[in-house]
Amino acid sequence: MSGDASGAPPRTNALGQPIGPALPAWTPRAAPPRTPMAGRHCRLEPLDGPRHAAALHEANSLDREGRSMTYLFTDPFATPEAYRAWVDEVSRKDDPLFHAIVDSAGRAAGVAAFMRIDGANGVIEIGHLNFSPLLQRTTAATEAIYLMLRRAFDELGYRRVEWKCDSLNAPSRAAALRFGFAFEGIFRQAVVYKGRSRDTAWYAIVDGEWPGIRSAFERWLSPGNFDGEGRQRGKLAAFMAAGAGTSREDG
């Protein structure tokens, strides 16, 4: 029988049964605060209708086919008013806790949420990612995920950050691996949404992995990794593999 991740044999109780590692100093984690997370390329702000809805709807409208909404629980919003009503509704909630991603030009260009917040067990999910065409494949998009991970692990002391998506959502699955999340399996027929069945792919980062992953993010985000035109010199995946040991197969 295998032990923990360190390779040590498992602890046993008085009956000789294997039990998990002790956590004598563990205390429940606080919920994420409604405060901004600021980086060099973007800033995450608690989602707010008056401040963000109009700009987000305009940015999302650049996705004329609604391709980025296929795997979300909402459909494209036909009017700014409909989108504003949705923002007003979800922004009142603490779980999920939605944020607007504001780029370096000051434009609200995407949303992301902390969700399924389980402070008692130190588990939290990053989800409902909707990056408009203004944000897709940008340094700001990667930095937004780094800032959320940094808040969860470094500021709040969570033990585990999850990423879940429709198993057919290939871009989300690729992004999870790129950001250092480990693939954990498929929950079959886990969700019904938009009149269809969803198998859910699960990914996670645990706190013991975070220091190496954080280092890889920070090396990738460093100014020296970009040329004068903003093109990356080294890929995040390479930094993950070299510095964090988190290059994984999605099997």
| Can you tell me which residue in segment 36-49 is farthest from LEU168 (Cα to Cα), limited to those that are open to solvent by less than 40 Å² (accessible area, probe 1.4 Å) and assigned to a loop (DSSP other than H, G, I, E, B)? | GLY39
| request: Please state which of the following conditions VAL191 fails to meet, knowing it meets all the rest: (1) open to solvent by 20 Å² or more (accessible area, probe 1.4 Å); (2) farther than 21 Å from ALA113 by Cβ. | output: (2)
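Do you know which residues across segment 13-29 are part of a loop (DSSP other than H, G, I, E, B) and under 33 Å from the mean Cα position of the chain (by Cα)? Talk me through it step by step, then tell me what you get.
Start the filter on segment 13-29 by keeping residues that are part of a loop (DSSP other than H, G, I, E, B), which leaves 13-17, 20-29.
GLY20, PRO21, ALA22, LEU23, PRO24, ALA25, TRP26, THR27, PRO28, ARG29 - these are the residues of segment 13-29 that are part of a loop (DSSP other than H, G, I, E, B) and under 33 Å from the mean Cα position of the chain (by Cα).
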| query | Can you tell me how many residues in segment 153-171 are open to solvent by 20 Å² or more (accessible area, probe 1.4 Å) and farther than 27 Å from ALA22 by Cβ? | reply | 6
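Identify, from the list GLU81, GLU65, the residue that is open to solvent by 90 Å² or more (accessible area, probe 1.4 Å), closer than 19 Å to SER132 by Cα and in a loop (DSSP other than H, G, I, E, B). So that I can check it myself, show each step before the final result.
On the way: GLU81 fails: in a loop (DSSP other than H, G, I, E, B).
That would be GLU65, the only listed residue that is open to solvent by 90 Å² or more (accessible area, probe 1.4 Å), closer than 19 Å to SER132 by Cα and in a loop (DSSP other than H, G, I, E, B).
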| Which residue out of PRO9, PRO33 is open to solvent by less than 90 Å² (accessible area, probe 1.4 Å), free of Cβ contacts under 8 Å to residues at least 40 places away in the same chain and part of a loop (DSSP other than H, G, I, E, B)? | PRO33
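Taking the condition free of Cβ contacts under 8 Å to residues at least 40 places away in the same chain and open to solvent by 40 Å² or more (accessible area, probe 1.4 Å), does ASP199 pass? Steps first, please.
Working: free of Cβ contacts under 8 Å to residues at least 40 places away in the same chain: yes; open to solvent by 40 Å² or more (accessible area, probe 1.4 Å): yes.
Yes: the conditions hold for ASP199.
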| Can you find a residue in segment 50-61 that is open to solvent by 60 Å² or more (accessible area, probe 1.4 Å), part of a loop (DSSP other than H, G, I, E, B) and more than 19 Å from PRO133 (Cβ to Cβ)? | no
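Provide a single number: the residues in segment 118-137 that are over 21 Å from THR70 (Cβ atoms) and surrounded by fewer than 21 Cβ atoms within 10 Å (Cβ to Cβ). Explain how you work it out, then say what you get.
In the first step, residues of segment 118-137 are kept if they are over 21 Å from THR70 (Cβ atoms); the result is 118-124.
With the extra rule that they be surrounded by fewer than 21 Cβ atoms within 10 Å (Cβ to Cβ), the set shrinks to 118-121, 123.
Qualifying residue count, segment 118-137: 5.
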| Cross-chain or 6+ apart pairs with Cβ under 7 Å, segment 12-27 first and under 21 Å from ASN121 (Cβ atoms) and open to solvent by 60 Å² or more (accessible area, probe 1.4 Å), then of a type in the set (S, T, N, Q) and not in a loop (DSSP other than H, G, I, E, B) | PRO18/THR12; ILE19/THR12
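The values are calculated or read from the model by the stated rules, or taken from the named source; none is laboratory data. Keep in mind that this is a model prediction, so the values were computed, not measured. Here Cβ is always computed from backbone atoms with ideal geometry, including for glycine, and neighbour counts include all displayed protein chains. When the accessible area is computed, the model is the full protein with side chains, heavy atoms only, and any ligands, DNA or RNA have been set aside. Shrake-Rupley method; radii C 1.70, N 1.55, O 1.52, S 1.80 Å.
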